[in-house]
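Peer 1: Got a structure for you, questions after.
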Amino acid sequence: MLVQNQNLSASISDNLASLLEADIVFGRLRPMQRLTEEELVERHGVSRSPVREAIRMLAQDGLIVREPRKGIWVSPLSVRDFDELSLCRIELEGLAAEQAALADAPLEKARFNELFKRLEQAQKDGDARAFFLTDVEGSMLTYRTAGNKTLIRLLESLDKQALRYRFHAYSQRQGILDLTLDDTRRIYDAIIEGDGAAAKQLTREIISKIWKTTRDTVRESFEDAAS
């Protein structure tokens, strides 16, 4: 997810899909931006076959829209979509945090302290991108620590679309970094200490706060701009 370098063990289409996913999440490919197979072939120096497969994978993840005779474009962002994703994340991420806290996984839990130091530094530097990437690492670590394969599958599928909104929130308002840092420290502490109820409740609260705080910026940035 959001790989910065190609994975040599992956197929060309997998690597291309990862590169395009990062372009979409970080806004280098904008919502509703038109794409063509020819353009992607030329830009990435690959044949048409892996381009088609990468497009298929991204369409399946909801990041690209592809319709016969209409073309291919980056999926739009909207308040309605943000609302739906946030409601799902509140429940599923809360459950993941609870299960991570209750898991017997001391090595995994020890990594949360190192991640938090990186979050602190990114927040101090005002580096929204570094903060976002480290925060995503924390989410992935929480999922792995929880150890629920079905839950991991659901969350990873949901995150493909949710990451776009998360990065937008972090990049638009410095206050979101401050809010997230304080609450994340409490969540990490609850997971490390094995307090499942607190980890679940704190996770639900932080997602709800970010949702309510950034909902208007999503409308202003994407829906108002498209009208």
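The values are calculated or read from the model by the stated rules, or taken from the named source; none is laboratory data. Given the structure is predicted, the values throughout are model-derived calculations rather than measurements. Glycine also receives a Cβ, built like all others from the backbone with ideal geometry; neighbour counts cover every protein chain displayed. Just the protein is used for accessible areas: all its heavy atoms, side chains included, with ligands, DNA and RNA removed. Shrake-Rupley method; radii C 1.70, N 1.55, O 1.52, S 1.80 Å.
Peer 1: Roughly how big is the stretch 64-202's charge dipole about its Cα centre, with Cβ charges of +1 (Lys, Arg) and -1 (Asp, Glu), in debye to the nearest 20?
Peer 2: Its charge dipole is roughly 660 debye.
Peer 1: Then there is this: Counting heavy atoms of the protein chains only and a 1.4 Å probe, report the per residue accessible area for the stretch 16-102 as a whole number of Å².
Peer 2: Working: 4250 Å² over 87 residues.
Accessible area per residue, the stretch 16-102: 49 Å².
Peer 1: For the chain, take the longest principal axis of its alpha carbons; what is the angle in degrees between that and the long axis of helix 106-125, to the nearest 10 within 0 to 90?
Peer 2: The answer is roughly 70 degrees.
Peer 1: Please identify, among Asp125, Asp159, Asp135, the residue showing maximal mean-square fluctuation in a Gaussian network model of the chain using a 10 angstrom Cα cutoff.
Peer 2: Asp125
Peer 1: Leaving ligands, DNA and RNA out of it, report the carbon-plus-sulfur percent of the accessible area of the stretch 108-215 at a 1.4 Å probe.
Peer 2: Reported share for carbon and sulfur atoms: 47 percent.
Peer 1: Would you kindly calculate the translational diffusion coefficient of the stretch 157-227, applying Stokes-Einstein with the Kirkwood radius from alpha carbon pairs, for 25 °C and a viscosity of 0.890 mPa s, and quote it in µm² s⁻¹ without decimals?
Peer 2: Taking Rh from Cα pairs, D becomes 184 µm²/s.
Peer 1: If you plug each phi of the stretch 95-105 into the Karplus form 6.51 cos²θ - 1.76 cosθ + 1.60 with θ = phi - 60°, what whole-Hz ³J(HN,Hα) values come out, in order, with x for Gly and Pro?
Peer 2: My calculation for the stretch 95-105 gives 5, 5, 5, 4, 5, 5, 5, 7, 6, 8, 9 Hz in order.
Peer 1: Can you give the three extents of the C-alpha atoms in the stretch 1-134 along their principal axes, from longest to shortest, in whole Å?
Peer 2: Largest first, the stretch 1-134 extends 51, 36, 32 Å along its Cα principal axes.
Peer 1: Report, by chain and number, residues whose modeled amide H sits under 5 Å from the one on Ile64, excluding near sequence neighbours (fewer than 5 apart, same chain).
Peer 2: Answer set, sorted by chain and number: Ala59, Ser75.
Peer 1: Further question on the same structure: Per DSSP H run of n ≥ 4, the term is -39500 (n - 2.57); total these for the chain, divide by its residue number, and report the mean residue ellipticity at 222 nm rounded to 500 deg cm²/dmol.
Peer 2: -24500 deg cm²/dmol
Peer 1: Right, another one. Whole-Hz Karplus ³J(HN,Hα) for the stretch 63-75, in order, using 6.51 cos²θ - 1.76 cosθ + 1.60 and θ = phi - 60°, x for Gly and Pro?
Peer 2: My calculation for the stretch 63-75 gives 8, 10, 9, 9, 10, x, 6, 10, x, 10, 8, 5, 4 Hz in order.
Peer 1: Still on this structure: Lys/Arg Cβ at +1, Asp/Glu Cβ at -1, dipole of the chain taken about the Cα centre: which of Ala97, Thr214, Gln123 is farthest positive-ward?
Peer 2: Sorting the options by dipole projection puts first Thr214.
Peer 1: Now for a separate question. With +1 on the Cβ of every Lys and Arg and -1 on the Cβ of every Asp and Glu, and nothing else charged, how large is the dipole of the stretch 12-57 about its Cα centre, in debye rounded to the nearest 20?
Peer 2: 140 debye
Peer 1: While we're on this one: Need one word for the stretch 50-116: rounded, prolate or oblate. Basis is the Cα gyration tensor (sqrt eigenvalues a ≥ b ≥ c); a/c below 1.5 gives rounded, then a/b vs b/c decides.
Peer 2: It is prolate, given that a/c is not under 1.5 and a/b is the larger ratio.
Peer 1: Something else now. Counting only protein heavy atoms, what percent of the accessible surface of the stretch 28-70 is carbon or sulfur at a 1.4 Å probe?
Peer 2: Ligands and nucleic acids excluded, carbon and sulfur give 47 percent.
Peer 1: Would you please classify the overall shape of the stretch 92-160 from the alpha carbon gyration tensor, given that a ≥ b ≥ c denote the square roots of the eigenvalues, rounded means a/c under 1.5, and beyond that prolate means a/b larger than b/c while oblate covers the rest?
Peer 2: Note, shape of the stretch 92-160 comes out oblate.
Peer 1: Could you give the length gained on full extension between Glu114 and Glu39, defined as 0.36 nm per residue of separation minus the Cα-Cα distance, in nm?
Peer 2: 22.9 nm
Peer 1: Applying the Karplus parametrisation 6.51 cos²θ - 1.76 cosθ + 1.60 with θ = phi - 60° to the phi angles of the stretch 159-175, what ³J(HN,Hα) value in whole Hz is obtained for each residue in order, glycine and proline being reported as x?
Peer 2: Computed from phi, the couplings for the stretch 159-175 are 5, 3, 8, 5, 4, 4, 6, 4, 5, 4, 4, 5, 7, 8, 9, 4, x Hz.
Peer 1: What accessible area per residue comes out for the stretch 173-227, rounded to a whole number of Å², with a 1.4 Å probe?
Peer 2: In whole numbers, the stretch 173-227 has 50 Å² accessible per residue.
Peer 1: If I take all pairs of Cα atoms in the chain, what percentage of them are more than 30 Å from each other?
Peer 2: More than 30 Å apart: 27 percent of the Cα pairs in the chain.
Peer 1: If you don't mind, another one. Which cross-chain or sequence-distant (5 or more) residues have an amide H under 5 Å from the amide H of Leu35, H modelled 1.01 Å from N in plane?
Peer 2: Ile72, Trp73, Val74
Peer 1: Between 0 and 90 degrees, rounded to the nearest ten: what's the tilt of helix 128-146 against the longest Cα principal axis of the chain?
Peer 2: Tilt relative to the chain: about 70 degrees.
Peer 1: Largest first, what is the accessible-area ranking of Thr150, Thr142 with a 1.4 Å probe?
Peer 2: Final ranking, largest accessible area leading: Thr150, Thr142.
Peer 1: So how strong a dipole does the stretch 1-119 carry about its Cα centre when Lys and Arg Cβ are +1 and Asp and Glu Cβ are -1, to the nearest 20 debye?
Peer 2: I would put it at about 400 debye.
Peer 1: Ok, one more. When the chain is fully extended, how far beyond the present Cα-Cα distance does Arg129 get from Lys149, taking 0.36 nm per residue of separation? It would help to have the intermediate numbers written out before the result.
Peer 2: Working: separation 20, 0.36 × 20 = 7.20 nm, distance 2.84 nm.
Result: 4.4 nm gained on full extension.
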